[in-house]
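What follows is a set of notes on a single structure, which appears directly below.
The values are calculated or read from the model by the stated rules, or taken from the named source; none is laboratory data. Predicted model, so just to flag it, every value in this text is computed and none were measured. All Cβ positions, glycine included, derive from the backbone under ideal geometry; neighbour counts span all protein chains shown.
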Amino acid sequence: MFPKALWMKEWKHSKVVSFGLFVVFMLGYPISAGLNIDSWRMMKEQRGGFWEEQAYYAINEQFSPGFYGYIAVGVMILLVGFLIGLEKNTKRHDFMMALPFSRTQIFATKYAFGLIVMSLSYSLSFTLGYLVIYQSEFRDLIDLVNITDAFFIPLAGYFVIYSFLMLIGAIAGEIKSQILLSIIFLFFLQGFLVLLSMFSEIHGLNLQIFELDFIFEDLFWFSYLNIMTDSNIVIPLLFGIIFTALAWFCYQRSPSEHSGEFLMFRQLHPLFAVGIPICSALLGGLIVISVIPYNSGEGLKIMVYWIGFLVAMFFSWKVTKRLLRM
Amino acid sequence: MIRVSGVSKSIHKNRILKNVHFSVRSGTITGVVGRNGAGKTTLLRIIAGILYPSSGEITVNDQNVFKQPDVKQNVVFVPDSTDALRTYSIKEIVKFYEEIYDTFDQEYFYQLLEKFKFTKQGKIKYFSKGQKALFSLILAFSTNAKYVLLDEPTDGLDVIIKKQILQFIAEAVSERDVSVVISSHRLDELEKMADHIVVLKQGKVDSELEMEELKSQYHKIQVAFEGKLPQHIRDRSEVLSETGRVSVLLISSKDEETKKMIEDAEPILYEELPLSLEDIFVAKLGGDLYVS
């Protein structure tokens, strides 16, 4: 299932980015723990009362991926780009497909390589971060953290994000479109609903979109990178498995003749040809309306919104046409 | 045996290949010729298992390359560009190929590197274009695969390296139990080495020819007469060229009647010339295929 030659190949092409991911996790856990301990010590000495109030948040933030989690996702986008997209930009894709391996073996090796790099780097860094605190005078603070949740919930979050990125990688035709689509689709569902909600608000409708907690919390994968929210680990695990299966299916079926184009599947072109201009138009309307005074009349607001909407739709339609011709 | 059975392929709604059938026997060199855009590269990429055919089947030793990709241990594809290898060093690529191909012959590989005066270290990207092309052939033949697919192996190379490459292919085939499929639009290159020619025209197999058989089927003669080339001779032969009173004709080997007519017309010059593949294509396909 995992031929050694394929491991060698993935390692050769992705080792630098893999190391980058490891460094980000190290910065996020042991290194930041070491630096935070100094700050905590100073705070405890100089502002004891304030420290008592803040200790719970400080230790939970330490074990929450937070900012470094976002950076790690950025590096993961690059890693998946190196694993899948970069090959499609070069003759390496032909070279790979001509080797005596099945597409399932090729995909499984790529998938396992990235997953192992991500989970090992994360686990090692988390453990080292834990040990740094455990060795310090702030050892007692660890009792304020649910360590099992602090470890597994972000890991499940990274798992679902990684699987989703692999799915986008299997659909995209080359590395630039893969990176672009990865960034867009990580926020797409929530972003689209926000745009729709703005549209409804401007037109006097009340769609109650923000009350859809399942979409804005459970399906917003970045929420699993914050251990201070109440998260259900089953959802990212379930969706991670679904995305993995879809990614495998798409990789298996992707027609190699479209490698180097915007998308591997021409069947998706109509969806993108309509979807991109509509989303851009909604965004265009929102951007333009934000520049007019808040207390402007409703009629003016609607008119300005539609000007932004139509201008953005026109340009994005032009751009989309070019992209899909790529 | 590689068997291409009823393969069709459409890309971007264009039918690139239409119901292609042919087979490659063991120990032979098969030339796939056709104009640019005839579908040669697409055909090789399908045989190598890179592209799925829209319909039809490719089998190697009766095993489907898509359903049993293991069979590609016996098939090595050498594309017209060596970009995929450029980041590897020689040592890395040897290790990599040893892992992929069970039959990779490291000794033979290094012997060939020495023969062609390659360094045994360093990155492939530092080789010249010709060296890269030769290196990828050395690598392919060192796998001991039964079938080597070469896509325009001499395209864009200078005469000296081209000669070296063609000679290397011919030697490798004669020394080792290997079949080669070469796609090219250069008939002059293929005629020296190919046993079997598959002519692709607008995505279809226009004709399949055996070289030995083919060369014995025609005679190429240069003739000159006191006056113009007699009309009855012109009608019965293929006129390859005419310069002044000198004509170059192609006639069937079996056509004794035309030969007799030429003798009876008492030519002032009669000379038999060596036959080239290009002459035959001109005769058979009306020159439609030839691309210089």
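Report those helices (runs of 4 or more DSSP H) wholly inside segment B:189-292 carrying at least 2 residues which are touching a His at 6+ places or on another chain (Cβ under 6 Å) and assigned by TED's automatic domain parsing to the domain that holds B:Thr154. Working first, answer last.
Details: elements: B:211-217, B:231-236, B:256-264, B:277-285.
Hits in segment B:189-292: none.
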request  = Report yes if some residue within segment B:91-102 is within 14 Å of chain A (Cβ to nearest Cβ) and either part of a strand (DSSP E or B) or among the polar types (S, T, N, Q) (or both); otherwise report no.
outcome  = no
inquiry  = Being part of a helix (DSSP H, G or I) and either within 25 Å of A:Thr229 (Cβ to Cβ) or of a type outside the set (Val, Ile, Thr) (or both) is true for just one of A:Val17, A:Val73, A:Val23. Which residue is that?
reply    = A:Val73
ask   = Just one of the numbered conditions (1) within 14 Å of another protein chain (Cβ to nearest Cβ); (2) surrounded by 13 or more Cβ atoms within 10 Å (Cβ to Cβ) is not true of A:Ile302; which one?
value = (1)
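Does B:Phe168 fit the bill of being hydrophobic (A, V, I, L, M, F, W, C), over 29 Å from B:Asp70 (Cβ atoms) and away from chain A (no Cβ under 14 Å)?
Values: hydrophobic (A, V, I, L, M, F, W, C): yes; over 29 Å from B:Asp70 (Cβ atoms): no; away from chain A (no Cβ under 14 Å): yes.
Judged against the criteria, B:Phe168 is not a match.
Filter segment A:154-169 down to the residues that are over 17 Å from A:His13 (Cβ atoms) and in contact with a Leu (Cβ under 9 Å, 6 or more places away or on another chain) and list them by number.
Within segment A:154-169, the subset over 17 Å from A:His13 (Cβ atoms) is A:154-164, A:167-168.
Result: A:Pro154, A:Ala156, A:Gly157, A:Tyr158, A:Phe159, A:Val160, A:Ile161, A:Tyr162, A:Ser163, A:Phe164, A:Leu167, A:Ile168.
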message = Against the definition (within 30 Å of A:Phe2 (Cα to Cα), within 14 Å of chain B (Cβ to nearest Cβ) and touching a residue at least 60 places away in the same chain (Cβ under 8 Å)), how does A:Met96 come out, yes or no?
response = yes
remark   = Among residues of segment A:8-28 being over 15 Å from A:Gly69 (Cβ atoms), touching a Phe, Trp or Tyr at 6+ places or on another chain (Cβ under 8 Å) and of a type outside the set (Ser, Thr, Tyr), the residue surrounded by the most Cβ atoms within 10 Å (Cβ to Cβ) is A:Lys9
request  = Determine whether segment A:312-319 contains at least one residue that is assigned to a helix (DSSP H, G or I) and polar (S, T, N, Q).
outcome  = yes
ask   = Applying the selection to segment A:244-259, what residues are within 12 Å of chain B (Cβ to nearest Cβ) and in contact (Cβ under 8 Å) with a residue 24 or more places away in the chain?
value = A:Gln252, A:Ser254, A:Ser256, A:His258, A:Ser259
task = Output the residue which, of all residues in segment B:31-50 that are within 13 Å of chain A (Cβ to nearest Cβ) and not in a helix (DSSP H, G or I), is nearest to the chain's Cα centre (by Cα).
result = B:Gly39
task = Please enumerate the residues belonging to segment B:60-70 that are facing another protein chain (nearest Cβ under 8 Å) and surrounded by fewer than 21 Cβ atoms within 10 Å (Cβ to Cβ).
result = B:Asp70
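Report yes if some residue within segment B:117-125 is more than 20 Å from B:Val181 (Cβ to Cβ), within 14 Å of chain A (Cβ to nearest Cβ) and not basic (Lys, Arg); otherwise report no.
There is at least one residue in segment B:117-125 that is more than 20 Å from B:Val181 (Cβ to Cβ), within 14 Å of chain A (Cβ to nearest Cβ) and not basic (Lys, Arg).
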note = Screening B:Leu187, B:Leu200 for residues that are crowded, with 19+ Cβ neighbours inside 10 Å and either among the polar types (S, T, N, Q) or in contact with a Gly (Cβ under 6 Å, 6 or more places away or on another chain) (or both) leaves only B:Leu200
key: Selection within segment A:131-152 - touching a residue at least 40 places away in the same chain (Cβ under 8 Å) and more than 21 Å from A:Leu237 (Cβ to Cβ)   = A:Leu131, A:Val132, A:Ile133, A:Ser136, A:Glu137, A:Phe138, A:Leu141, A:Ile142, A:Leu144, A:Val145
query = Out of the residues in segment B:8-27 that are more than 14 Å from chain A (Cβ to nearest Cβ) and modelled with pLDDT of 90 or more, which is surrounded by the most Cβ atoms within 10 Å (Cβ to Cβ)?
reply = B:Val20
request  = Just name the residue that is nearest to the other protein chains (Cβ to nearest Cβ) out of those in segment B:81-90 that are surrounded by 18 or more Cβ atoms within 10 Å (Cβ to Cβ) and not polar (S, T, N, Q).
outcome  = B:Ala84
query = Restricting attention to segment A:55-73, does a residue exist that is more than 27 Å from A:Ile242 (Cα to Cα), charged (D, E, K, R) and away from chain B (no Cβ under 14 Å)?
reply = yes
task = Sort through A:Glu261, A:Glu257, A:Glu217 and tell me the only one that's part of a loop (DSSP other than H, G, I, E, B), buried (at least 16 other Cβ atoms within 10 Å of the Cβ) and more than 13 Å from the chain's Cα centre (by Cα).
result = A:Glu261
ask   = In the list B:Phe135, B:Phe77, which residue meets the criterion of being facing chain A (nearest Cβ under 8 Å), of a type in the set (Phe, Trp, Tyr) and within 24 Å of the chain's Cα centre (by Cα)?
value = B:Phe77
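Could you identify the single residue in B:Arg176, B:Arg234 that is over 18 Å from B:Phe22 (Cβ atoms) and in contact (Cβ under 8 Å) with a residue 24 or more places away in the chain?
Working: B:Arg234 fails: in contact (Cβ under 8 Å) with a residue 24 or more places away in the chain.
Among B:Arg176, B:Arg234, only B:Arg176 is over 18 Å from B:Phe22 (Cβ atoms) and in contact (Cβ under 8 Å) with a residue 24 or more places away in the chain.
Residues to consider are A:Leu120, A:Leu131, A:Leu155, A:Leu115; find the one that is buried (at least 19 other Cβ atoms within 10 Å of the Cβ) and at pLDDT 90 or above. Spell out how you get there, then give the answer.
On the way: A:Leu120 fails: buried (at least 19 other Cβ atoms within 10 Å of the Cβ); A:Leu131 fails: buried (at least 19 other Cβ atoms within 10 Å of the Cβ); A:Leu115 fails: buried (at least 19 other Cβ atoms within 10 Å of the Cβ).
After ruling out the rest, the residue left standing is A:Leu155.
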Single match in A:Leu246, A:Leu181, A:Leu195 (criterion: assigned to a helix (DSSP H, G or I), more than 18 Å from the chain's Cα centre (by Cα) and surrounded by 14 or more Cβ atoms within 10 Å (Cβ to Cβ)) = A:Leu195
query = With respect to the numbered conditions (1) under 26 Å from A:His258 (Cα atoms); (2) surrounded by fewer than 20 Cβ atoms within 10 Å (Cβ to Cβ); (3) of a type in the set (Phe, Trp, Tyr), which one is the sole condition not fulfilled by A:Phe95?
reply = (2)
task = Count, please, the residues in segment B:112-139 that happen to be of a type in the set (Lys, Arg) and in a loop (DSSP other than H, G, I, E, B).
result = 2
